[in-house]
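Worksheet: the structure to be examined is printed underneath.
The values are calculated or read from the model by the stated rules, or taken from the named source; none is laboratory data. Given the structure is predicted, the values throughout are model-derived calculations rather than measurements. Virtual Cβ from ideal backbone geometry, glycine too; neighbours counted across all protein chains shown.
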Amino acid sequence: MAGVGHYHIGMSTPTVQVVTLPEIDGEWQRILPACWTNNPFVTPWWQGTWIQHFGDDKSVQIIWVRDGPVTLGVAPLIIKDGIIKFLGGPDLSDYSDFLVPYGCEQRFYPILWHYFQSLKWDRMEYQSIPEGSPTLGALARLARSDGFSVRVGWEGATPVRRLPLTWDDYVRGLAKKNRHELRRKIRKLNESGEVKQYDCTPQTLEADMDDFFRLMRASAPEKDQFMTPVREHFFRDIARVLSVRGELKLSMLEFEGKRVASCINIDYAGSYFLYNSGYDPELSKLSVGLVNKASSIREAINAGRVAFNFLRGSERYKYDLGAEDRSVYELIIAR
């Protein structure tokens with residue numbers, strides 16, 4: 001183990017260990033379904049891929065808090081230049097948090113905070129914490145009680161659509177104007193030429209990702225600027241990891257035999273997460289990007305998923321497709 005500490009809290013003697021990802025991978029996967037925050041971005045396979053591209057041995061600290069054989073929580077962190085952050089950045093991970101099983105929060109946060117007191121740091125900058133996470137209240141209260149400066153701020157929206165049992169129910173549940181527009185756009189595209197929508201297969205992933213990047217970069221200047229060579233390498237690697245796990249849904253829309261829209265959906269824990277997308281702007285009048293996303297929603301419904309998460313951003317199309325805002329917050333603690 002990279003480090004072990006014992007801290008007396010109440011009647012118990014919990015163990016705080018700094019471990020490597022391979023050492024905790026199995027236990028991390030085991031507790032995830034019972035944690036307050038459970039999404040693709042806090043999985044060990046996502047964070048492990050991020051570490052391979054952006055982490056270093058000196059700054060990565062994965063803190064494992066236990067009481068005997070019971071895991072109270074896991075804190076995947078970057079500690080560098082006096083600043084403590086979550087592993088993964090908001091540019092590539094839409095959610096971040098500590099991994100705390102239900103019922104363990106009243107013990108985990110005081111123990112973790114006590115451990116933090118033994119470290120040298122100036123600021124904690126925790127970003128992309130989902131609404132409802134106990135981190136926002138528990139850690140803030142502990143820091144304030146010890147006289148630290150604390151700020152909890154709204155960071156952005158991650159619109160989500162709860163899904164009914166059938167596609168027809170979904171369409172009927174849209175606002176009247178949006179329901180009419182969706183039907184009109186699907187009909188117009190189908191009447192304009194031959195349309196195919198499908199998920200790519202693992203066997204052709206590399207070439208399919210080439211088309212995804214082409215369409216993503218073409219769809220908006222800011223997406224072209226975002227997709228640096230380093231980020232593209234990460235996208236390719238995480239796509240491979242998710243594909244092996246059966247969680248990647250790389251959805252393509254063809255029009256007249258040409259791929260004109262694509263989106264990466266992550267199928268995880270009963271929901272689809274729309275990670276990123278792109279389309280051919282020359283066919284924007286046929287709404288190929290929106291129709292492809294609507295087809296992904298239909299696929300999620302047919303697969304029995306309970307929600308479609310559009311992730312970070314307040315683009316109009318998300319609300320046209322029936323999404324409602326969920327929020328992410330940042331927690332800043334300073335000495």
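Table for the structure above
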| read-out | value |
| --- | --- |
| Residue in the stretch 187-200 that is under 19 Å from residue 311 (Cβ atoms) and touching a residue at least 40 places away in the same chain (Cβ under 8 Å) present | yes |
| Only listed residue being assigned to a loop (DSSP other than H, G, I, E, B), more than 27 Å from residue 32 (Cα to Cα) and not assigned by TED's automatic domain parsing to the domain that holds residue 137, chosen from 295, 314 | 314 |
| Set 243, 251: member being surrounded by 16 or more Cβ atoms within 10 Å (Cβ to Cβ), in a strand (DSSP E or B) and in the same structural domain as residue 305 (by TED's automatic domain parsing) | 251 |
| Test: residue in the stretch 128-149 that is within 26 Å of residue 297 (Cβ to Cβ), touching a strand residue (DSSP E or B) at 6+ places or on another chain (Cβ under 9 Å), among the hydrophobic types (A, V, I, L, M, F, W, C) and outside any strand (DSSP E or B) | no |
| Residue match in the stretch 317-330 (condition: outside any helix (DSSP H, G or I), over 16 Å from the mean Cα position of the chain (by Cα) and of a type in the set (D, E, K, R)) | yes |
| From the options 76, 33, 110, residue that is touching a strand residue (DSSP E or B) at 6+ places or on another chain (Cβ under 8 Å), in a helix (DSSP H, G or I) and not basic (Lys, Arg) | 110 |
| Residue within the stretch 187-209 that is over 23 Å from residue 321 (Cα atoms) and in a strand (DSSP E or B) present | no |
| Residue count for the stretch 157-174, restricted to those that are in contact (Cβ under 8 Å) with a residue 12 or more places away in the chain and either farther than 21 Å from residue 305 by Cβ or part of a helix (DSSP H, G or I) (or both) | 3 |
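Per-residue answers, yes or no, for (1) buried (at least 22 other Cβ atoms within 10 Å of the Cβ); (2) under 23 Å from residue 268 (Cα atoms); (3) of a type in the set (A, V, I, L, M, F, W, C):
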{"residue": "83", "(1), (2), (3)": "no, no, yes"}
{"residue": "89", "(1), (2), (3)": "no, yes, no"}
{"residue": "94", "(1), (2), (3)": "yes, yes, no"}
{"residue": "98", "(1), (2), (3)": "yes, yes, yes"}
{"residue": "105", "(1), (2), (3)": "no, no, no"}
{"residue": "112", "(1), (2), (3)": "yes, no, yes"}
